[in-house]
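Report on one structure; see the data block that follows.
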Amino acid sequence: MKKLGVVFWGSVSLTLVAVLLGVFASEWFEQFTGNVQGFLTAKFGWYYLLTVAVIVAFCLFLVLSPVGAIRLGRPTDRPAYSTKSWFAMLFSAGMGIGLVFWGAAEPLSHYAINAPSAPEGSQQALKDSLRYTFFHWGISAWAVYGIVALALAYFQFRKGAPGLLSATLHPLIGDRTKGWMGHTVDIIAVFATVVGVATTLGLGAKQINGGLTFLTGIPNSFLVQMIIIVIVTVLFMISASTGLDKGIQLLSNTNLYVALALLVLTLVLGPTVRIMNGFTSGLGEYFQNMIAMSTRTAPSNPEGRDWINSWTIFYWAWWMSWSPFVGIFIARISKGRTIREFLTGVILLPTIVSIFWFATFGMTAMDVFDTKAPGLINLPTEQVLFGVFEHLPMGSLLSIVAMVVVAIFFITSADSATFVLGMQTTNGSLNPDFRIKLIWGVLQAAIASSLLFSGGLAALQNAAIIVAFPFSMIILLMIVALYKSLMEERLELGLHIRPKSQVQEIIQKELSNKNKKK
């Protein structure tokens, strides 16, 4: 095992400080981080909205630009994973537990508990519930992941840089990426990954416990959640020991089929026609209103502004806080794909699946609420899905399958995170030492357990959102660096939409001469 450096010890120290505050001063820490998060969303909500809009626009530009033909690697490189395995792995890492946790609960909330702009329970609230859920989990979320992953994959596989976030800024700050500036970027990335994944593990344990409580009456308690975390930790460390090509790939492919089975069963056993109508209508509403939703700040409507802060801006910050982890993992499995193929696959495929997922479970939940169980809105978030299944044929089977999906997503997310943390703390190694992954795996489980015990999980979630603010600036710098490097390569390769002008020919010749001298 290589000597552990500044990034490892710096990120571990920062994480331990946050966890100790969450355990021993949970109320104060939650209040403090909540106040900071509230300040950022209230004062810089417009900034989060514009940042994500810029990211989406830049991704669209790259897909349509001639540079979309550039391969992430050497010209002869080809993808190491089939499209199915690639999609399964990036989807498991990118959304995973969140889809099951919020699949029924978020649309139902927007419809019956706290609607975006219309009276709860109205037809307009139903329309808004789907289009805003699609918006939160669709193109914008995956564009954030996609741009971070693209910058990493491009500089790592095309330019031979280490697989570190700091390395993507080399065109702007040069060799300072190897000094304190680069270390700071990497420490922020590792901290965001640790707190984000630990929070998700805590939520996953709560949902599995919630399902067991709903189905069998097993107590919803810390002891049960601790047992769940221990079992899952052992399983994901076994998976981590087998390597990327066996553990994560096998589990991701398996869960793709299990999740698909859950989706199809719910579609068939639920209100099928209403689901398809909701999907079709919601899809149209989403694309029709995407620009308006992307820039909605409700400056003269305090209630509307509170809703945007609680949902849209929260999600934008959450996706940015998760982008180091998901971006690094997606980059690692994407060598050999072209930029156009990469962005299309990372953004469009998961968006389509996410939209259909939320249409199926969301419309089913709203139908159950309208026709059978108005008390559904009183259940804890982690039990809403199981409350919906209770009113469907074969409900117990659906609940069991859902818990299996959550458990496998739980394992793949934690396994992916240990892999990414191992990469980031060993100078971007493509195959980090298992002992490093073991250290991070145990730390993640310990953090999730201690915060569930102390009630400090919300504070850590707030901390992840706060970290997204400085990291959003890093993402914007990554875009500038990527654009600069791609435009230089575009001239070198002669990639043009229009015939080259005389000036462009002169520039290209000068670049060629410089490269020859080097």
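Which members of segment 145-160 meet the condition of being closer than 14 Å to A189 by Cβ and hydrophobic (A, V, I, L, M, F, W, C)?
V148, A149, A151, L152
Table: residues versus (1) part of a helix (DSSP H, G or I); (2) more than 20 Å from A259 (Cα to Cα).
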residue: A80; (1), (2): no, yes
residue: W86; (1), (2): yes, no
residue: H110; (1), (2): yes, yes
residue: H136; (1), (2): yes, yes
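If we keep just the residues of segment 120-142 that are out of contact with any Leu (no Cβ under 9 Å at 6 or more places or on another chain) and of a type in the set (F, W, Y), which is nearest to V353 (Cα to Cα)? Give the derivation first.
Of the residues in segment 120-142, the ones out of contact with any Leu (no Cβ under 9 Å at 6 or more places or on another chain) are 120-128, 132-133, 135-136, 138, 140-141.
Those still in the list that are of a type in the set (F, W, Y) too: 132, 135.
On the way: Y132: 16, F135: 13 Å.
Restricting to residues being out of contact with any Leu (no Cβ under 9 Å at 6 or more places or on another chain) and of a type in the set (F, W, Y), the top hit is F135.
Which residue, of N220, N289, is over 20 Å from V442 (Cα atoms) and not in a helix (DSSP H, G or I)?
On the way: N289 fails: not in a helix (DSSP H, G or I).
None of the other options fit; the residue is N220.
Would you confirm whether or not segment 405-414 contains a residue that is closer than 30 Å to T177 by Cβ and open to solvent by less than 10 Å² (accessible area, probe 1.4 Å)? Show your work before the answer.
The first filter runs over segment 405-414 and keeps only residues closer than 30 Å to T177 by Cβ, leaving 413-414.
Checking the rest, the ones that are also open to solvent by less than 10 Å² (accessible area, probe 1.4 Å) come to 413-414.
Yes, some residue in segment 405-414 is closer than 30 Å to T177 by Cβ and open to solvent by less than 10 Å² (accessible area, probe 1.4 Å).
Residues of segment 166-183 being within 22 Å of the chain's Cα centre (by Cα) and either open to solvent by 40 Å² or more (accessible area, probe 1.4 Å) or closer than 14 Å to T425 by Cβ (or both), which ones?
S166 - this is the single residue of segment 166-183 that is within 22 Å of the chain's Cα centre (by Cα) and either open to solvent by 40 Å² or more (accessible area, probe 1.4 Å) or closer than 14 Å to T425 by Cβ (or both).
So which of I377, I347, I400 ends up being under 14 Å from the mean Cα position of the chain (by Cα), open to solvent by 10 Å² or more (accessible area, probe 1.4 Å), farther than 28 Å from I436 by Cα and not aromatic (F, W, Y)? Working first, answer last.
Working: I377 fails: under 14 Å from the mean Cα position of the chain (by Cα); I400 fails: under 14 Å from the mean Cα position of the chain (by Cα).
That would be I347, the only listed residue that is under 14 Å from the mean Cα position of the chain (by Cα), open to solvent by 10 Å² or more (accessible area, probe 1.4 Å), farther than 28 Å from I436 by Cα and not aromatic (F, W, Y).
Return the only residue of K484, K437, K517, K509 being open to solvent by 50 Å² or more (accessible area, probe 1.4 Å), at pLDDT 75 or above and out of contact with any Asp or Glu (no Cβ under 8 Å at 6 or more places or on another chain). Step through it out loud before you land on a result.
Working: K437 fails: open to solvent by 50 Å² or more (accessible area, probe 1.4 Å); K517 fails: at pLDDT 75 or above; K509 fails: at pLDDT 75 or above.
Only one candidate passes the filter, namely K484.
In segment 386-417, how many are modelled with pLDDT under 85 and farther than 16 Å from L250 by Cβ?
Qualifying residue count, segment 386-417: 3.
Find all pairs meeting these conditions: Cβ atoms under 6 angstrom apart; at least six residues apart or on different chains; first residue within segment 8-21 and open to solvent by 60 Å² or more (accessible area, probe 1.4 Å); second residue at pLDDT 80 or above.
Final answer for the pair search is L14/F191.
Quick one: G146 ticks every box in (1) without any contact (Cβ under 8 Å) to a residue 40 or more places away in the chain; (2) under 30 Å from A167 (Cβ atoms) except a single one, so which number is it?
G146 satisfies every listed condition except (1).
I'm told D186 meets every condition in (1) within 25 Å of F91 (Cβ to Cβ); (2) touching a residue at least 12 places away in the same chain (Cβ under 8 Å) except one. Can you identify the failing condition by its number?
The one condition D186 does not meet is (1).
Identify all residues within segment 251-309 that are among the aromatic types (F, W, Y) and under 19 Å from A359 (Cβ atoms); write none if there are none. Lay out the reasoning, then the answer.
Residues of segment 251-309 that are among the aromatic types (F, W, Y), as a first pass: 257, 279, 286-287, 307.
Listed by number, the residues that qualify are F279, Y286, F287.
Suppose we filter segment 35-71 for residues that are crowded, with 17+ Cβ neighbours inside 10 Å and touching a strand residue (DSSP E or B) at 6+ places or on another chain (Cβ under 7 Å); how many remain?
3
Pull up segment 454-475, narrow it to residues that are part of a helix (DSSP H, G or I) and surrounded by fewer than 16 Cβ atoms within 10 Å (Cβ to Cβ), then point me to the one that is modelled with the highest pLDDT. Walk me through it before giving the result.
The initial filter retains those residues of segment 454-475 that are part of a helix (DSSP H, G or I), namely 454, 457-475.
Subset that is surrounded by fewer than 16 Cβ atoms within 10 Å (Cβ to Cβ): 470, 473.
On the way: P470: 88, M473: 91.
So, considering only residues that are part of a helix (DSSP H, G or I) and surrounded by fewer than 16 Cβ atoms within 10 Å (Cβ to Cβ), the one modelled with the highest pLDDT is M473.
Residue by residue through segment 42-74, note down the ones that are touching a Phe, Trp or Tyr at 6+ places or on another chain (Cβ under 6 Å), aliphatic (A, V, I, L, M) and in a helix (DSSP H, G or I). Please lay out each step first, then the result.
We begin by selecting, within segment 42-74, every residue touching a Phe, Trp or Tyr at 6+ places or on another chain (Cβ under 6 Å); these are 48, 52, 72-73.
Then drop every residue that is not aliphatic (A, V, I, L, M), which leaves 52, 72.
Correct list: V52 only.
Does any residue of segment 391-404 turn out to be in contact (Cβ under 8 Å) with a residue 12 or more places away in the chain, hydrophobic (A, V, I, L, M, F, W, C) and not in a helix (DSSP H, G or I)?
yes
Condition check: open to solvent by 40 Å² or more (accessible area, probe 1.4 Å), β-branched (V, I, T) and within 22 Å of the chain's Cα centre (by Cα). Does T76 satisfy that? So that I can check it myself, show each step before the final result.
Values: open to solvent by 40 Å² or more (accessible area, probe 1.4 Å): yes; β-branched (V, I, T): yes; within 22 Å of the chain's Cα centre (by Cα): no.
No.
When segment 295-314 is examined, which residues are found to be in contact with a Phe, Trp or Tyr (Cβ under 8 Å, 6 or more places away or on another chain) and in a helix (DSSP H, G or I)?
Result: W311, T312, I313.
Please state which of the following conditions M320 fails to meet, knowing it meets all the rest: (1) of a type in the set (A, V, I, L, M); (2) touching a Ser or Thr at 6+ places or on another chain (Cβ under 7 Å); (3) open to solvent by 10 Å² or more (accessible area, probe 1.4 Å).
(3)
So, G163, is that one of a type outside the set (F, W, Y), open to solvent by less than 60 Å² (accessible area, probe 1.4 Å) and not in a helix (DSSP H, G or I) or not?
Values: of a type outside the set (F, W, Y): yes; open to solvent by less than 60 Å² (accessible area, probe 1.4 Å): yes; not in a helix (DSSP H, G or I): yes.
It is true that G163 is of a type outside the set (F, W, Y), open to solvent by less than 60 Å² (accessible area, probe 1.4 Å) and not in a helix (DSSP H, G or I).
Taking the residues in segment 268-312 that are acidic (D, E) and free of Cβ contacts under 8 Å to residues at least 60 places away in the same chain as candidates, determine which candidate is surrounded by the fewest Cβ atoms within 10 Å (Cβ to Cβ).
At the first step, the residues of segment 268-312 found to be acidic (D, E) are 285, 303, 306.
Pick out the ones that are also free of Cβ contacts under 8 Å to residues at least 60 places away in the same chain and you get 303, 306.
Details: E303: 10, D306: 14.
Restricting to residues being acidic (D, E) and free of Cβ contacts under 8 Å to residues at least 60 places away in the same chain, the top hit is E303.
The values are calculated or read from the model by the stated rules, or taken from the named source; none is laboratory data. Keep in mind that this is a model prediction, so the values were computed, not measured. Ideal geometry is used to build each Cβ from the backbone, glycine not excepted, and the neighbour counts take in all protein chains shown. The accessibility values were calculated without ligands, DNA or RNA, using every heavy atom of the protein model including side chains. Shrake-Rupley method; radii C 1.70, N 1.55, O 1.52, S 1.80 Å.
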